[in-house]
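A.B. asks: To start, I am sharing the structure in question, which I have written as structure tokens.
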Amino acid sequence: MRFLLLPFSWIYAIGIFIRNLLFDIGILKSNIVRKSIGIGNLSMGGTGKTPLTQYLAQWLIENDQIVYILSRGYKRSTNQNILVKESHLSHEVGDEPLMYKKRFKNKINVLVSKNRWLGSLDAKKNNSNAFLLFDDIYQHRKVVTDFSIITTPYNDLFDDDTLLPAGRLREPKRNVNRASCILVTRCPENMSQDKRTHIKDKLSKYNKPLFYSSISYEPFECFGEKIRKISSVLLVTGIAKNENLIAHIENTYETTTISYPDHYRYTMDDIKDIHQKFNSFASEHTIILTTEKDMVRMLEFEEYIDANKLPMYYQPISIDVHNEKEFTSLIKEYVGKI
């Protein structure tokens, strides 16, 4: 099937080449944004951008920066630029922007804008010293950031893929040349030196600094009825890739899984179906567990959750950058004083 789609990938490649050429020769205008980091990928779907954005936001906060996260607010129902508040609903601003705001609260600002260049002007107008983090911006050529990071998963490197629609790449592999570095995400904590060397050899042709990161699972957080002891889990996810999370939860708990598509917008019927599934096997030590992204979407049904005393929890995650000192030092070289 992939072979049959290759001609369409070649047509897609020509379109991407022409678009990028127009930016490269200045017919389409790119705008430089100072004190900024861009986070993106070459592939469709989850590659670990969100936990990296959280990691960088926390690092900037710890270094006394005024932080703005700029996002388009994927699948939101609004069009205008919005400065996100904790009181917003996920469908108004997007799940990831609301998740960032709820996690960091007043320590950061989150702005959703379809045009990230215009959004950056709004942010700088509010505070000219603001440090801007652009979430999922690699294909948004109107903005050029001081530092640009490409994320690619350990078990699904972009180098092993091909262009849409035959594969999942949004643009050709050689276009990684616009990035400042590559971060391999979702690596095992105990990744062997042989595997590290294998990945380095595979990606060395792109001549970019290479870094590795692992997921760190934090203690569950409750947003429903608390219980004293947890022995089993109904795991509900609406994310691109849930295999690692399922494996992690199954290591400790008896687990039943319900999977929805990425960025799934839950309805009341979905919440009732989840409740019914929970009731079919629940004991006093069973919880409904979801991801942090799913949690902000489910909060639209907070009344129902509270009224039915559902033991709702979410799994926060963070990342550990293996060679963290070299990673942050490289960012400082590009961006300047932090």
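A.B. asks: For the stretch 70-86, what are the residues that are crowded, with 19+ Cβ neighbours inside 10 Å and assigned to a loop (DSSP other than H, G, I, E, B)?
C.D. replies: Initial filter on the stretch 70-86 (crowded, with 19+ Cβ neighbours inside 10 Å): 70-73, 76, 82, 84.
Hits for the stretch 70-86 are 72, 73, 76, 84.
A.B. asks: Let me ask something additional. Of a type outside the set (Val, Ile, Thr) and crowded, with 17+ Cβ neighbours inside 10 Å: which single residue out of 292, 333 fits that description? Outline the logic, then answer.
C.D. replies: On the way: 333 fails: crowded, with 17+ Cβ neighbours inside 10 Å.
Only one candidate qualifies: 292.
A.B. asks: Exactly one condition in (1) part of a strand (DSSP E or B); (2) under 16 Å from residue 32 (Cα atoms) is false for residue 152; which is it?
C.D. replies: (2) is the only condition that residue 152 fails.
A.B. asks: Name the one entry in 249, 258 that is within 25 Å of the chain's Cα centre (by Cα) and over 22 Å from residue 187 (Cβ atoms). Spell out the reasoning first.
C.D. replies: Values: 249 fails: over 22 Å from residue 187 (Cβ atoms).
Residue meeting the stated conditions: 258.
A.B. asks: May I pose another question? Does the stretch 44-55 include one or more residues that are assigned by TED's automatic domain parsing to the domain that holds residue 137 and farther than 20 Å from residue 213 by Cα?
C.D. replies: Among the residues of the stretch 44-55, not one is assigned by TED's automatic domain parsing to the domain that holds residue 137 and farther than 20 Å from residue 213 by Cα, which makes the answer no.
This table checks each residue for (1) in contact with a helix residue (DSSP H, G or I) (Cβ under 9 Å, 6 or more places away or on another chain); (2) within 30 Å of residue 334 (Cα to Cα); (3) aliphatic (A, V, I, L, M); (4) not in a helix (DSSP H, G or I).
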residue: 194; (1), (2), (3), (4): no, no, no, no
residue: 246; (1), (2), (3), (4): no, no, yes, no
residue: 258; (1), (2), (3), (4): yes, no, yes, yes
residue: 269; (1), (2), (3), (4): no, no, no, no
residue: 280; (1), (2), (3), (4): no, no, no, no
residue: 284; (1), (2), (3), (4): no, no, no, yes
residue: 289; (1), (2), (3), (4): yes, no, yes, yes
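A.B. asks: If I go through the stretch 286-331 residue by residue, how many of them are of a type outside the set (D, E, K, R) and farther than 18 Å from residue 221 by Cβ?
C.D. replies: Initial filter on the stretch 286-331 (of a type outside the set (D, E, K, R)): 286-291, 295-296, 298-299, 301, 304-305, 307-308, 310-319, 321-323, 327-331.
Retained after the next criterion (residues that are farther than 18 Å from residue 221 by Cβ): 304, 307-308, 321-323, 327-331.
Selection size over the stretch 286-331: 11.
A.B. asks: Follow-up. If the requirement is being polar (S, T, N, Q), at pLDDT 95 or above and out of contact with any helix residue (DSSP H, G or I) (no Cβ under 7 Å at 6 or more places or on another chain), which of these qualifies: 216, 180? It would help to see each step written out before you state the result.
C.D. replies: Details: 180 fails: out of contact with any helix residue (DSSP H, G or I) (no Cβ under 7 Å at 6 or more places or on another chain).
Exactly one residue qualifies, and that residue is 216.
A.B. asks: Assuming residue 163 fulfils every condition listed in (1) outside the structural domain of residue 310 (by TED's automatic domain parsing); (2) crowded, with 19+ Cβ neighbours inside 10 Å; (3) under 20 Å from the mean Cα position of the chain (by Cα) apart from one, which condition is it?
C.D. replies: Going through (1) outside the structural domain of residue 310 (by TED's automatic domain parsing); (2) crowded, with 19+ Cβ neighbours inside 10 Å; (3) under 20 Å from the mean Cα position of the chain (by Cα) one by one, residue 163 breaks only (3).
The values are calculated or read from the model by the stated rules, or taken from the named source; none is laboratory data. As the structure is a prediction and not an experimental result, all values here were calculated from the model. Here the Cβ is made from the backbone with ideal geometry for all residues, glycine too, and neighbour counts use every protein chain on show.
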